[in-house]
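A short write-up of the structure that comes next.
The values are calculated or read from the model by the stated rules, or taken from the named source; none is laboratory data. Bear in mind the structure is a predicted one, so any value in this text is a computation, not a measurement. Note that we place each Cβ from the backbone using ideal geometry, even for glycine, and neighbour counts take in every protein chain shown. The area values use the complete protein model at the heavy-atom level, side chains included, leaving out ligands, DNA and RNA. Shrake-Rupley method; radii C 1.70, N 1.55, O 1.52, S 1.80 Å.
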Amino acid sequence: MIGLHKDTPKFITLEGGEGAGKSTQIKLLDDWLLEQGLATCLTREPGGSPGAEEIRNLVLKGATDRWSGMTEAMLITAGRAEHVENRIKPALEKGEWVVCDRFFDSSIAYQGAGRGVGVERVKELQTLALGDFTPDLTIILDLPVKIGLSRAIARESQKSDMEDRFERMDVSFHEDLRAAYLKIAKDEPKRCVVLNADTTPEALQHEIRAVITGKFGA
Ligand code: TMP
């Protein structure tokens, strides 16, 4: 036991560009939290609750120019408001540690920076939808764009549902995302930690656990 407590459940988000390995890391993290005797709620965005999953389908499928950046930001943020009220907050109230695959930093990076809506406008939208509700910890998995995209392309053959609108954006879009994430981390050092994802899954998981223990362990 390393002193993570059920009576002070935390809301942890994992962020990063395409191919950073978030899904693998979240599963390994969940195994470890359960070993500590904690109850967990694993969730994701866009989506995470029935209504928000419907919005996910609208946003992630189809032509890359299907929506304007602002429309995307508003759709995803509407889903987020629903997800927070109906899944994340109730889970925290029950004492569950919530681990979410992407959250509002994805909107700031993808829509605010990548799609050109503007970081400040997307931040304002988050405040409108969520008030001051914020993750306790955000772990940003960082890696060079070329490595991330080649990982994502290798994985694409396994995807059945064509949720790849953003993977198909050009390299400069992904460079903008990476820069936006690093800026978020610089601006909010108390909430955000950047980890180098250009390593083995085991080594990365070891670092994630060390960050959580350092921040929340007794
Ligand atoms: P995933 O591939 O990690 O499941 O994420 C789905 C895609 O949705 C990914 O390309 C990033 C994108 N996305 C946004 O553009 N804005 C957001 O706010 C979120 C949560 C995801």
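Values computed for the structure shown
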read-out: Conditions (1) open to solvent by less than 10 Å² (accessible area, probe 1.4 Å); (2) touching a strand residue (DSSP E or B) at 6+ places or on another chain (Cβ under 9 Å); (3) within 15 Å of the ligand (Cβ to nearest atom): number failed by residue 137; value: (3)
read-out: Selection status of residue 9, more than 10 Å from the ligand (Cβ to nearest atom), of a type outside the set (A, V, I, L, M, F, W, C) and free of Cβ contacts under 8 Å to residues at least 12 places away in the same chain; value: no
read-out: Those residues of the range 55-78 which are outside any loop (DSSP other than H, G, I, E, B) and either among the hydrophobic types (A, V, I, L, M, F, W, C) or at positive phi (or both), in sequence order; value: 55, 58, 59, 60, 70, 73, 74, 75, 76, 78
read-out: Candidates 37, 3, filtered to the one that is part of a loop (DSSP other than H, G, I, E, B), touching a residue at least 40 places away in the same chain (Cβ under 8 Å), open to solvent by 10 Å² or more (accessible area, probe 1.4 Å) and more than 11 Å from the ligand (Cβ to nearest atom); value: 3
read-out: Unique residue being part of a helix (DSSP H, G or I), touching a strand residue (DSSP E or B) at 6+ places or on another chain (Cβ under 8 Å), farther than 22 Å from residue 201 by Cβ and among the hydrophobic types (A, V, I, L, M, F, W, C) when the list is 81, 52, 91; value: 91
read-out: Subset tally (residues that are assigned to a helix (DSSP H, G or I) and under 30 Å from residue 62 (Cα atoms)) for the range 184-215; value: 1
read-out: Number of positions in the range 35-84 that are at pLDDT 95 or above, within 18 Å of residue 109 (Cβ to Cβ) and among the hydrophobic types (A, V, I, L, M, F, W, C); value: 5
read-out: Qualifying residues in the range 159-212 (those that are of a type in the set (Ser, Thr, Tyr) and modelled with pLDDT of 95 or more) - the one least open to solvent (accessible area, probe 1.4 Å); value: 181
read-out: Condition broken by residue 146, with the remaining ones in (1) within 16 Å of the ligand (Cβ to nearest atom); (2) at pLDDT below 95 satisfied; value: (1)
read-out: Filtered residues of the range 53-74 (kept if open to solvent by less than 40 Å² (accessible area, probe 1.4 Å) and farther than 22 Å from residue 170 by Cβ); value: 55, 56
read-out: Meets criteria (within 12 Å of the ligand (Cβ to nearest atom), hydrophobic (A, V, I, L, M, F, W, C), assigned to a helix (DSSP H, G or I) and touching a residue at least 24 places away in the same chain (Cβ under 8 Å)) for residue 125; value: yes
read-out: Scope the range 100-134; condition more than 14 Å from the chain's Cα centre (by Cα), crowded, with 19+ Cβ neighbours inside 10 Å and more than 14 Å from residue 79 (Cα to Cα); matching residues; value: 112, 113, 114, 115, 117, 122
read-out: Residue count, the range 78-99 (criterion: within 16 Å of the ligand (Cβ to nearest atom), open to solvent by less than 10 Å² (accessible area, probe 1.4 Å) and more than 14 Å from residue 134 (Cα to Cα)); value: 1
